[in-house]
């Protein structure tokens with residue numbers, strides 16, 4: 001318990017700082033999380049005898065946020081004016097796709113150079129799965145950061161995910177299986193429908209409080225104040241279950257031990273891996 005508290009006391013303030021005030025530190029934070037997350041999923045794969053190229057995968061995964069940020073650097077002076085005037089900047093997502101293509105090219109070149117045929121499809125597919133699932137999806141944090149009110153949106157998303165996770169657990173412990181006898185999903189038997197519904201309700205309430213008291217200038221209003229938290233709560237829970245699928249398939253309890261009692265990076269950020277892409281496209285096209 002003490003270990004979990006100490007990790008939270010370090011990780012929470014660090015997250016708040018890089019989301020709200022970080023630039024280079026924000027980029028370093030993102031690259032570090034992606035690198036560790038990819039390493040963890042590769043470790044899970046290797047526990048089942050799956051062969052991946054960890055070095056190439058981690059480098060390619062870390063290169064995705066760097067590539068996205070390069071478009072920010074190339075417009076440095078203009079970007080400062082945009083942020084100062086509260087306008088925002090549209091990051092070029094195609095650069096992330098280019099890195100993915102480069103990754104496939106490099107992996108295939110390695111197999112050709114090694115003159116290996118057997119298992120090449122699995123080698124490329126599983127290595128790129130780690131890059132795509134952790135690196136590319138989580139890297140959507142970068143374009144959100146530099147949108148209109150991007151820093152505040154990142155903090156809002158993080159708070160809503162924290163609330164969703166917390167109340168899914170608390171409501172589930174208190175009322176789980178009392179209204180609905182079956183659980184939410186066999187993949188994670190301890191999760192309950194009551195906990196899932198409680199998560200949604202409290203996430204909506206929190207969104208209203210954030211807009212009313214914390215970030216009054218956040219560019220959201222009307223029905224979006226209800227839709228956004230519902231989407232975050234639902235997709236966040238799907239992200240949590242998605243990681244449970246991987247852990248069950250690979251036969252591990254936690255993705256890693258770097259956060260002590262909190263498990264690994266993927267255990268803490270599994271919801272955000274799904275939520276960041278969702279929110280990027282929602283904010284881009286609807287707000």
Please give the length that would be gained between residue 11 and residue 113 if that part of the chain were fully extended, namely 0.36 nm times their separation in residues minus their C-alpha to C-alpha distance (nm, one decimal).
32.5 nm
Please work out how much length the chain gains when fully extended from residue 105 to residue 173, using 0.36 nm per residue of separation minus the C-alpha to C-alpha distance, in nm with one decimal.
19.7 nm
Ordering of 16-22, 189-195 by burial proxy (mean other Cβ atoms within 10 Å per residue, highest first)
189-195, 16-22
Run the quick spin-label model on residue 21 and residue 190: label points 7 Å from Cα toward the beta carbon, then report their separation in nm to one decimal.
3.6 nm
Take the chain, connect every pair of alpha-carbon atoms lying under 10 Å apart with a spring to form a Gaussian network, then pick out the residue of 250, 26, 180 with the largest mean-square fluctuation.
180
FRET E, pair residue 201, residue 162, Förster distance 25 Å, beta-carbon r, rounded to 0.05
0.95
Highest GNM mean-square fluctuation among 104, 163, 144, for the chain with Cα springs under 10 Å, belongs to 104
On full extension of the chain, what length is gained from residue 56 through residue 244, given 0.36 nm per residue of separation minus the C-alpha to C-alpha distance?
65.2 nm
Percent RCO, i.e. relative contact order, over segment 131-266, from Cα pairs under 8 Å lying at least 6 residues apart:
20 percent
Can you tell me the convex hull volume per residue for segment 2-286, based on C-alpha atoms, in Å³ to the nearest whole number?
135 Å³
What FRET efficiency would be calculated for the residue pair residue 28, residue 95, taking the C-beta separation as r and a Förster radius of 22 Å, to the nearest 0.05?
0.75
Label-point separation, residue 253 to residue 284 (7 Å along Cα→Cβ), nm:
4.0 nm
What is the chain's relative contact order, in percent, from Cα pairs under 8 angstrom and six or more apart in sequence?
21 percent
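Only the coordinates and a few stated rules stand behind these numbers; no lab work does. Just so it is clear, the model here is predicted, and its values are computed rather than measured. Glycine also receives a Cβ, built like all others from the backbone with ideal geometry; neighbour counts cover every protein chain displayed.
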